[in-house]
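Have a look at the structure below, then the notes.
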Amino acid sequence: MRFAATQAICDLSMLPSFIRFCWRHSGASWKINTHLTRCERLLLYKLGLSQPPGAVMVEIGSYLGASSCFLAAAAQVRGGKLHCVDTWLNDGMTEGRRDTWNEFSKNTLPFSPSIRTHRGTSTDIAVNFKDRIDLLFVDGDHSYEACKADLKTWFPYMVDGTR
């Protein structure tokens, strides 16, 4: 545990988030394959915890669910909801195309009451989205065009004051 703790804490400001996450939530979330560093996962948790009660969070690009677990853990604490938007076909990932839905579902199971999934492209899902968004995490297709389209499509849903 000592090595894992050292890796997870990038600086002392993340120590409270690390302790809180480890105390309250599944340690298995640290083992999910991801491109995010441990510090980045903790930052998502910390940002999620800073949202208002009942917060609506949206994650574009959920892959295997590592970042989803940290955002959903914060949503649980805040009494909110995390909307995960992805095709789960590994589009745009360096590993190549494959269906990652079952892995995502298994990895996020402990947080499933706080997660609502939307399977499809982010711009298609946004057309029918109804909620106002407190936190938006864009981590889908990383091309300039796709990121720009994601921001342009989802920005109108942001709660005033979060833009």
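The values are calculated or read from the model by the stated rules, or taken from the named source; none is laboratory data. These numbers were taken from a predicted model, which means no experiment stands behind them. Cβ: placed from backbone, ideal geometry, glycine included. Neighbour counts: every protein chain shown.
What the table shows:
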{"item": "One residue from L44, L36 being under 18 Å from L136 (Cβ atoms), touching a strand residue (DSSP E or B) at 6+ places or on another chain (Cβ under 9 Å), of a type outside the set (D, E, K, R) and at pLDDT below 95", "result": "L44"}
{"item": "Number of the exception - A72 against (1) more than 11 Å from the chain's Cα centre (by Cα); (2) assigned to a helix (DSSP H, G or I); (3) at pLDDT 95 or above", "result": "(1)"}
{"item": "Residue count for the range 122-163, restricted to those that are among the small types (G, A, S), closer than 19 Å to L71 by Cα and part of a loop (DSSP other than H, G, I, E, B)", "result": "1"}
{"item": "Positions within the range 91-102 being closer than 15 Å to D139 by Cα and in contact (Cβ under 8 Å) with a residue 24 or more places away in the chain, in sequence order", "result": "D91, G92, M93"}
{"item": "Pair list, Cβ under 8 Å, 6 or more apart: the range 17-43 residue within 26 Å of G92 (Cα to Cα) and assigned to a loop (DSSP other than H, G, I, E, B), other residue among the small types (G, A, S) and at pLDDT 70 or above", "result": "I32/G65; I32/A66; N33/A66; T34/A66; T34/S67; L36/A66; L36/S67"}
{"item": "The range 58-88 - residue that is among the aliphatic types (A, V, I, L, M) and touching a His at 6+ places or on another chain (Cβ under 7 Å) and, of those, nearest to F137 (Cα to Cα)", "result": "V58"}
{"item": "Test: N107 is in contact with a Ser or Thr (Cβ under 9 Å, 6 or more places away or on another chain), over 17 Å from G54 (Cα atoms) and outside any loop (DSSP other than H, G, I, E, B)", "result": "yes"}
{"item": "Selection from the range 109-137 of residues that are in contact with a Leu (Cβ under 9 Å, 6 or more places away or on another chain) and touching a residue at least 40 places away in the same chain (Cβ under 8 Å)", "result": "F111, S114, I115, L135, L136, F137"}
{"item": "Residues within the range 108-133 that are more than 14 Å from C84 (Cα to Cα), at pLDDT 95 or above and within 15 Å of the chain's Cα centre (by Cα), tallied", "result": "0"}
